[in-house]
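Report on the structure given below.
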Amino acid sequence: MGASRLGLWCLLLLFQAAFADFGMALGGKPKYGKDFTHFAYVNPHAPKRGMLTVPLTGSFDTLNPLTLKGSKEAGVSLLTLDTLLMQSEDEPFAAYGLIADDVVLADNGLAATFRIHPQARFHNGDRVSAHDVVYSFRTLTQDQAADPLYRFYWAGVAKVQALDERSVRFDFKEKNAELHLILGQLPVFSHKSFPQGLAAAGNVVPIGSGPYRLQRTVSGRMSEFVRDPAYWAQNLPTRRGMYNFDTIRFKYYQDETARVEALKAGEYDVIAENVARLWARAYPEKVLQKRGLVKNTFAHRNNAGMQGFVLNLRREALQDEALRRALVLSFDFESVNQLLFYGLYRRADSFFTNTELAATGLPEGDELRILRSVQADVPSDIFSTPAVMPPVIDPQLGVRPNLIRARDGLLAAGYVYREGYVTDAHGRRVGLELLLPGKAFERAAAKWQRDLAKIGITLQLRTTDAALFQKRLNDFDYDIALVGYGNSLSPGNEQFNYHSCAAARTAGSQNYAGICDPAVEKILPYFLNPRDRDELVAASRALDRILRRKHMIVPNWYADRHRMIYRADLRQPETLPLYYQGLTWAIQTWWR
């Protein structure tokens, strides 16, 4: 879910879905038509052999990826659970058949019927039936032990029913431009998976139908999957040339240093290096050559979304906009990027960074119309001032002018600077805690910590392991936390999970900031049923403009290339996909 979701849009009355033998596209014909044999970014003749070992940071304490509790093992979801449809990675708005070999949208747009592929089989040998699809959907949306993400994601479904063994119908509460397609992301598992419910199955592997089976695990440190030689979908166009390793092993490392040294020691085969310092300094060319390793970058066109230090508005202190402005002003991205990241990053500036969905300049056209409709609920200056951009640090003067602006803003709002500390109207010192999931971000955060201290704000850094970090996120137990908002090129239902009042009150949701705003509540429905693509873009810009105006996140950075190191005997397809994640791409399409 999240960044990997389909997020497709359509204009139900003016556009028609073009159906091919294996999929559909909206607003025109799909790239892959009736002669579709494989995606262009795979090698259909790739040999299937050997083992691929990949590293992950952290650990896991549950093999069930569907529950809210616990730190999840990564491979079960990725490798053992097929979905109804599959999105191609070289088209932003096209989905093709996997478990479902056809989808029919009702004439009135209020229902969709999925037909199950007659050859679809679970790992226990049972046919995948419409009953299993219904069971999967109801388990994920009605079982209180399930991750609440699913309930928000498919909240527009009024009813689901099996029409026969191979046909399942979803009825919608109202017209929703993308719902029939994001339902295609439903992971389907056997109705025999959790006879006592998810709460009693915290470490139970669901019975799936994917290309691999879980073979063994080692106490939160390793998991190993073997390719199913009888995999039912291996010759489908959406699977040909994919999943080419006989065995895939995930090795979990508690910190970055251990992971880096493990690569040099030959403990795994490929890494997508997201830490700029390590990319620049930790992999000497002579060491890589000696170990038979290749260092390379691969371009992508992903929506960068937003990564940053989110400010939890549930905290009394952070409900003050003056304090939030000061926190944003005080972050010195330019120095961090040059000194710590070797200039490898760009500044995230929107919740839809690097896309046409980002608000720019003054509102106009449909965006202005949408904002006018919520005029009573937004600050008046939102119409007369350009969209908020992250502050820029003067290359000559450094962060000092920004710190002075931050301090002056606090003093004007009634804060008092006394004996090196800022106090609020009640005489309380301003002190906050930043929650981090690992040591990789500590140096960047420490620079922010030192600069905040110069204006009298105390920032404590709290680094935890992955499991505790996720638990505290789920419980909203933080002042500030490092998070990411993943977005597609066509945002939809997930915006409710990010920004709605209901999500703000629901433990485990991704409304990290705790935002509950009347204007946002009125704009969110546009993402369910936009009139057309232009209105979806306008609604995204309006939402983005309002969110950025609230100064509820300190924007971090993003990269427009995947940085990867891998064994020289690993091969990649000649054609790159457009929208992909580096490590997943290696797992799905590379070969030895």
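The values are calculated or read from the model by the stated rules, or taken from the named source; none is laboratory data. Note that the structure is predicted; figures quoted are calculated from it, not measured. Positions of Cβ are generated from backbone atoms using ideal geometry, with glycine treated the same way; all protein chains shown enter the neighbour counts. Surface accessibility is based on the protein's heavy atoms, side chains included, excluding ligands, DNA and RNA. Shrake-Rupley method; radii C 1.70, N 1.55, O 1.52, S 1.80 Å.
So the values come out like this:
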item: Candidate set from region 158-181 (those that are surrounded by fewer than 24 Cβ atoms within 10 Å (Cβ to Cβ) and outside any strand (DSSP E or B)); member that is modelled with the lowest pLDDT; result: K175
item: Any pair with Cβ under 8 angstrom, 6 or more apart, that starts in region 278-305 at a residue that is on the phi < 0 side of the Ramachandran plot and ends at one that is aromatic (F, W, Y) and part of a strand (DSSP E or B); result: L293/Y566; V294/Y566; N296/Y566; A304/Y558
item: Test for L547: is it open to solvent by 30 Å² or more (accessible area, probe 1.4 Å) and among the aliphatic types (A, V, I, L, M); result: no
item: Residues satisfying the stated conditions in region 569-585, i.e. open to solvent by less than 50 Å² (accessible area, probe 1.4 Å), more than 18 Å from the chain's Cα centre (by Cα) and of a type in the set (A, V, I, L, M, F, W, C); result: L570
item: Selection within region 477-501 - modelled with pLDDT of 95 or more and more than 19 Å from K550 (Cα to Cα); result: D477
item: Test result for K454, in contact with a helix residue (DSSP H, G or I) (Cβ under 9 Å, 6 or more places away or on another chain) and open to solvent by 50 Å² or more (accessible area, probe 1.4 Å); result: yes
item: In region 345-394, residue least open to solvent (accessible area, probe 1.4 Å) [restricted to those that are part of a loop (DSSP other than H, G, I, E, B) and acidic (D, E)]; result: D349
item: Any chance S219 is of a type in the set (S, T, N, Q) and at positive phi; result: yes
item: Answer residue from region 198-230, given it is open to solvent by 50 Å² or more (accessible area, probe 1.4 Å) and of a type in the set (S, T, Y) and is modelled with the lowest pLDDT among those; result: S219
item: Positions within region 396-443 being assigned to a helix (DSSP H, G or I), touching a strand residue (DSSP E or B) at 6+ places or on another chain (Cβ under 9 Å) and within 22 Å of L339 (Cβ to Cβ), in sequence order; result: R400, P401, N402, K439, A440, F441, E442
item: Of residues in region 76-91 being outside any strand (DSSP E or B) and modelled with pLDDT under 95, the one most open to solvent (accessible area, probe 1.4 Å); result: E89
item: So A233, is it modelled with pLDDT under 95 and open to solvent by less than 20 Å² (accessible area, probe 1.4 Å); result: no
item: Selection from region 33-69 of residues that are out of contact with any Lys or Arg (no Cβ under 9 Å at 6 or more places or on another chain), of a type outside the set (A, V, I, L, M, F, W, C) and open to solvent by less than 40 Å² (accessible area, probe 1.4 Å); result: G33, Y41, G58, T67
item: In region 431-447, residue surrounded by the fewest Cβ atoms within 10 Å (Cβ to Cβ) [restricted to those that are within 14 Å of L311 (Cα to Cα) and either free of Cβ contacts under 8 Å to residues at least 12 places away in the same chain or more than 24 Å from the chain's Cα centre (by Cα) (or both)]; result: G431
item: Meets criteria (within 22 Å of the chain's Cα centre (by Cα), buried (at least 19 other Cβ atoms within 10 Å of the Cβ) and over 21 Å from L344 (Cα atoms)) for Y252; result: yes
item: Filtered residues of region 255-265 (kept if buried (at least 21 other Cβ atoms within 10 Å of the Cβ) and among the acidic types (D, E)); result: none
item: Residues of region 509-530 classified as open to solvent by 10 Å² or more (accessible area, probe 1.4 Å) and either at pLDDT below 95 or not charged (D, E, K, R) (or both), total; result: 9
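Let's see how each residue does on (1) surrounded by 23 or more Cβ atoms within 10 Å (Cβ to Cβ); (2) among the basic types (K, R); (3) closer than 26 Å to E321 by Cα:
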site	(1), (2), (3)
D532	no, no, no
V537	no, no, no
N556	no, no, yes
R563	no, yes, no
